[in-house]
Amino acid sequence: MVMSATTDGGQRTLRRDGSFGYVAPGLLLIVFFFVVPVLMLLMRSVLEPAPGLQNYVELLGSTTYLRVFMNTFIVAGLVTVVSVLIGYPVAWLLAIMPDRWSRLVLAIIILSMWTNLLARTYAWMVLLQRTGVINKTLLSLGIIDKPLSLVNNLVGVTIGMTYIMLPFVILPLIGVLKSIDPAILRAAALCGANKRQCFARVLLPLSLPGLAAGALMVFVMSLGYYVTPALLGGTSNMMLAELVAQFVQSLVNWGMGGAAALVLLIVTLVLYAIQLKFFNPNRAR
Amino acid sequence: MKKHTIIALFAIAFGFAGQANAADMVFTSWGGTTQDAQKEYADSFTENTKINVVQDGPTDYGKLKAMIESGNVTWDVVDVEGDYAVQAGKAGLLEKLDFTIIDKSKLDPRFVTDYSVGSFYYSFVVGCNKDAVDTCPKTWADLFDTTKFPGKRTFYKWSAPGVIEAALLADGVPAEKLYPLDLDRAFKKLDTIKADIIWWDSGAQSQQLLASAEAPYGSFWNGRLTALALTGVTAETSWANNITAADSLVVPKGTKNKEAAMKFIAHATSAESQTNFAAATGYAPINLDSPALMDPDTRNSLPDKKAEGQVNADMNYWAEHRDEIGKRWYAWQAK
C-alpha cells in the first residue's frame, strides 16, 4: 500500500540515537518475507525458460497483453474518478458535521472496510445480476423492460471497486478539509465569490493535497486488484493481476508471471515517485 | 547479533511446528461438495490407521510447484486434473506411486500412470434450469445456437478439457475425429457466442449462476447438477455427447509422509470408498469393483452409464498441448 510514511516527525525519530533498533524487527520481516521472495520471482522473469528478455518481448509485443494493460489503466482510472466524485462531497459533509454525527458516519464507512472483501463482492454480485435485487426492482417499477447488464462487465467492476475504494478517498480528505479554516471560505464569500467560485478557487485548491493523495492511492491500489475484477468483471476486461494469476496458477509459467508482476510494480513505483514529488501533503502544507 | 537471534528463533519455531505435524498428513482438493464427500473416506482412513488427515484446498498448481521446488512440501496427496497429472509426472514433479501398497489391478486402467491413479471421473454435460426457460437445450449444438436459445449461457473459465471439445462437437465434428483438436475451428465457433458467455470459475459459482437463472443453461460438471437438484432447483441434465474427464490423485515429490500418502491413496481408491463417494457426488467411481456394490438407481445416474455418444477427453493429448492451448485460450478470452 502506498502511503506517505516519511513525515518530518518520522525522520526525526529515525535520527534520534539508538531508536533504529525498534524498527529493525519490522524491517527484517519485510526484507525476508517480502523483498527477497519478490526479487526471487522477478529473477525468474529473466531466467525462465532461458536467460534473456524473451518474456518481456512476448508480454509487451502481444496485442492481447497490451489490451490487458490498457484495461488495467482504464478500470483504475474510472474507479479513481468515480470515487473522487462520490467521496469528495461525503468528506466535506463529514468535515462540517457536528463531531458526534461525523463519528457515527465515519464508523459506518470504516465498518464496511472491515467486512470481508469476498463477502462484499459476492453481495454486489447478488445485487447486480440480471435476476438480482436492483434489476428486479427496476423491472417491477416499470422503469426498464429488460434487465440491465450490470455485472460481468466494466460496469460491475467499476461499481464493486468504487465501493471498496471509497474510504481511501474519504479518509485523507477529511483531515485536509478539517484543517481548512472556515473563515477563509467566509472571507471569499464576503469578497463576492459565489458558491461555485468558493469551491473552485478556494476549497478545491486548498484540499488538493488530500485529494491527490487519496486519488493516487486508489489508482495504485486498483492497478493491482484481483478479487473484485475477477468476480464482477468479464474476461474481456481482464486486469493485470488476473493475468499474473493465470500465468502463476493455471499455466504454471512463472517467467511470464514474474515479468507481468514486474511491469505492474514499476508502474506503481513510478506513480509513487510522482506522488512524492508533486503531491506530498507535508511539503504542500 | 540481533539478526542471528531472530533467525534462530524462527528456525526453532518452524522446527517445532514441523514436529507437531509429523503424525498427520495433508490432503488437498477443490473444496465444495466434492471435497466434503472426499472427507468421508479421509475420516474412515483416520479411523483405520490413526493417521490424522488435514484437509486443505483449493488445489493450486502454482503453489504445488513452489512447494516442490523449495523442498518444503506440505501437501501429501493432491487431487489434480488428469491432464495435469500426466504432464507433472513427466516434468518430474511427482513421486512414483507404490503399487505394492495401492492395488492397481482393481483400478480403471485408463487413469493409471506411474505417477497417478484416478480420483473420480466426471462429465461435462448440458445443464438447464427448467423453471427459468420454456425449452431446454439438449445438445452442444443447441447450447451454441443463440437464435433458438437466446440469452446468457455459462462455461468453465479455465483452460481444461471440455469447452473446446464442446465447440467442435457443436460445429459438427464427429466425436471420433475430435483429436488432434482443430483449435482455429473451435475458437471460431466460440466467437459466435462469446458475448453471451458468463464464465464460471468454481463449481459453486456454476451452481449459483444456474440456480439464480443468471445463466439459465450452460456446460456443467454433472455432479454439481446432481447436488443442485437435491436442493430443490429443477436442474435438468442432458447427457447427449457428454464429455468425460478424470481427476487424479498424486503425491508431490519430496513429501515427508510418503508411506502415509500411499496408504491414503490405496484407501481412497478402494471399492468401498469409491462407492460411497460416487453415491454422494454423482461422479463415477474409478474402482472396477465399485459398480457391483451400488444400488441400481444411483448406478444408472452416473457418467459411466451414459456411454451412448459419450466422448472421452484425451488426457494424453491435453497433457502434451496443455501450455499451448492454455496460452491461446486466455488470449482469446481477453480479446
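Being touching a Ser or Thr at 6+ places or on another chain (Cβ under 6 Å) and modelled with pLDDT of 95 or more is true for just one of B:116, B:212. Which residue is that?
None of the others qualify; the one that does is B:116.
Exactly one of (1) within 26 Å of residue B:26 (Cβ to Cβ); (2) among the small types (Gly, Ala, Ser); (3) outside the structural domain of residue B:110 (by TED's automatic domain parsing) is unmet by residue B:261. Its number?
(3)
Tell me, which residue of the range A:29-43 that is in contact with a Leu (Cβ under 9 Å, 6 or more places away or on another chain) and within 14 Å of residue A:253 (Cα to Cα) is surrounded by the most Cβ atoms within 10 Å (Cβ to Cβ)? I'd like the intermediate steps shown before the answer.
Our first condition is that a residue be in contact with a Leu (Cβ under 9 Å, 6 or more places away or on another chain); within the range A:29-43, this holds for A:38, A:41-42.
Applying the additional criterion that residues be within 14 Å of residue A:253 (Cα to Cα) yields A:41-42.
Numbers: A:41: 19, A:42: 15.
Per the criteria, the residue is A:41.
Here's a check for you: in the range A:146-185, which residue that is part of a helix (DSSP H, G or I) and small (Gly, Ala, Ser) is surrounded by the most Cβ atoms within 10 Å (Cβ to Cβ)?
Of everything passing the filter in the range A:146-185, A:160 is surrounded by the most Cβ atoms within 10 Å (Cβ to Cβ).
Would you check if there is a residue in the range B:118-132 being more than 22 Å from residue B:30 (Cα to Cα), surrounded by fewer than 16 Cβ atoms within 10 Å (Cβ to Cβ) and either within 14 Å of chain A (Cβ to nearest Cβ) or in contact with a helix residue (DSSP H, G or I) (Cβ under 7 Å, 6 or more places away or on another chain) (or both)?
Yes, some residue in the range B:118-132 is more than 22 Å from residue B:30 (Cα to Cα), surrounded by fewer than 16 Cβ atoms within 10 Å (Cβ to Cβ) and either within 14 Å of chain A (Cβ to nearest Cβ) or in contact with a helix residue (DSSP H, G or I) (Cβ under 7 Å, 6 or more places away or on another chain) (or both).
What number goes with the only condition from (1) of a type outside the set (D, E, K, R); (2) in a helix (DSSP H, G or I); (3) more than 19 Å from the chain's Cα centre (by Cα) that residue B:309 does not pass?
(2)
Could you tell me which residue of the range A:246-262 is farthest from residue B:330 (Cα to Cα), considering only residues that are of a type in the set (A, V, I, L, M) and more than 8 Å from chain B (Cβ to nearest Cβ)?
The residue in question is A:262.
Can you report the number of residues in the range A:179-200 which are under 16 Å from residue A:92 (Cβ atoms) and not polar (S, T, N, Q)?
Result for the range A:179-200: 13.
Anything in the range B:114-158 that is within 30 Å of residue B:258 (Cβ to Cβ) and in contact (Cβ under 8 Å) with a residue 40 or more places away in the chain? List them, or say none.
Listed by number, the residues that qualify are B:115, B:116, B:117, B:118, B:119, B:120, B:121, B:122, B:158.
Within the range B:165-172, identify whether any single residue is on the phi < 0 side of the Ramachandran plot and either within 12 Å of chain A (Cβ to nearest Cβ) or part of a loop (DSSP other than H, G, I, E, B) (or both), and answer yes or no.
Of all residues in the range B:165-172, those on the phi < 0 side of the Ramachandran plot come to B:165-171.
Adding the requirement that they be either within 12 Å of chain A (Cβ to nearest Cβ) or part of a loop (DSSP other than H, G, I, E, B) (or both) leaves B:171.
Checked the range B:165-172: at least one residue is on the phi < 0 side of the Ramachandran plot and either within 12 Å of chain A (Cβ to nearest Cβ) or part of a loop (DSSP other than H, G, I, E, B) (or both).
Please work out if residue A:72 is among the β-branched types (Val, Ile, Thr) and in contact with a Phe, Trp or Tyr (Cβ under 8 Å, 6 or more places away or on another chain).
In short, no.
Hey, among the residues in the range B:110-136 that are outside any helix (DSSP H, G or I) and of a type in the set (D, E, K, R), which one's nearest to residue B:282 (Cα to Cα)?
Only one residue fits best here, namely B:130.
Across the range A:122-145, what is the total count of residues that are part of a loop (DSSP other than H, G, I, E, B) and more than 10 Å from chain B (Cβ to nearest Cβ)? Break it down into steps so the answer makes sense when it comes.
Filtering the range A:122-145 for residues part of a loop (DSSP other than H, G, I, E, B) gives A:129-132, A:141-145.
Narrowing further to those that are more than 10 Å from chain B (Cβ to nearest Cβ): A:141-145.
Summing the residues that are part of a loop (DSSP other than H, G, I, E, B) and more than 10 Å from chain B (Cβ to nearest Cβ) in the range A:122-145 gives 5.
Just wondering, is there one or more residues in the range A:82-99 that are outside any loop (DSSP other than H, G, I, E, B), of a type in the set (S, T, N, Q) and closer than 22 Å to residue A:212 by Cβ?
Within the range A:82-99 (the criterion being outside any loop (DSSP other than H, G, I, E, B), of a type in the set (S, T, N, Q) and closer than 22 Å to residue A:212 by Cβ), the answer is yes, since at least one residue qualifies.
Regarding residue B:76, is this residue more than 14 Å from chain A (Cβ to nearest Cβ) and buried (at least 23 other Cβ atoms within 10 Å of the Cβ)?
So residue B:76 passes the test.
Which one is farthest from the other protein chains (Cβ to nearest Cβ), of the residues in the range A:204-235 that are touching a helix residue (DSSP H, G or I) at 6+ places or on another chain (Cβ under 9 Å) and free of Cβ contacts under 8 Å to residues at least 24 places away in the same chain? Steps first, answer last, please.
Restricting attention to the range A:204-235, the residues satisfying the condition of being touching a helix residue (DSSP H, G or I) at 6+ places or on another chain (Cβ under 9 Å) are A:204, A:206-235.
Applying the additional criterion that residues be free of Cβ contacts under 8 Å to residues at least 24 places away in the same chain yields A:204, A:226, A:230, A:235.
Values: A:204: 38, A:226: 12, A:230: 7, A:235: 4 Å.
Checked the range A:204-235; the qualifying residue farthest from the other protein chains (Cβ to nearest Cβ) is A:204.
Would the range B:137-155 turn up any residue that is more than 30 Å from residue B:276 (Cα to Cα), modelled with pLDDT of 95 or more and assigned to a strand (DSSP E or B)?
Within the range B:137-155 (the criterion being more than 30 Å from residue B:276 (Cα to Cα), modelled with pLDDT of 95 or more and assigned to a strand (DSSP E or B)), the answer is yes, since at least one residue qualifies.
Looking only at the range B:106-149, which residues are touching a Phe, Trp or Tyr at 6+ places or on another chain (Cβ under 8 Å) and of a type in the set (Asp, Glu)?
Hits for the range B:106-149 are B:108, B:142.
The values are calculated or read from the model by the stated rules, or taken from the named source; none is laboratory data. Since the model is a prediction, treat every value here as computed from it, not as a measurement. In this analysis, Cβ positions are derived from the backbone assuming ideal geometry, glycine residues included, and neighbour counts consider all displayed protein chains.
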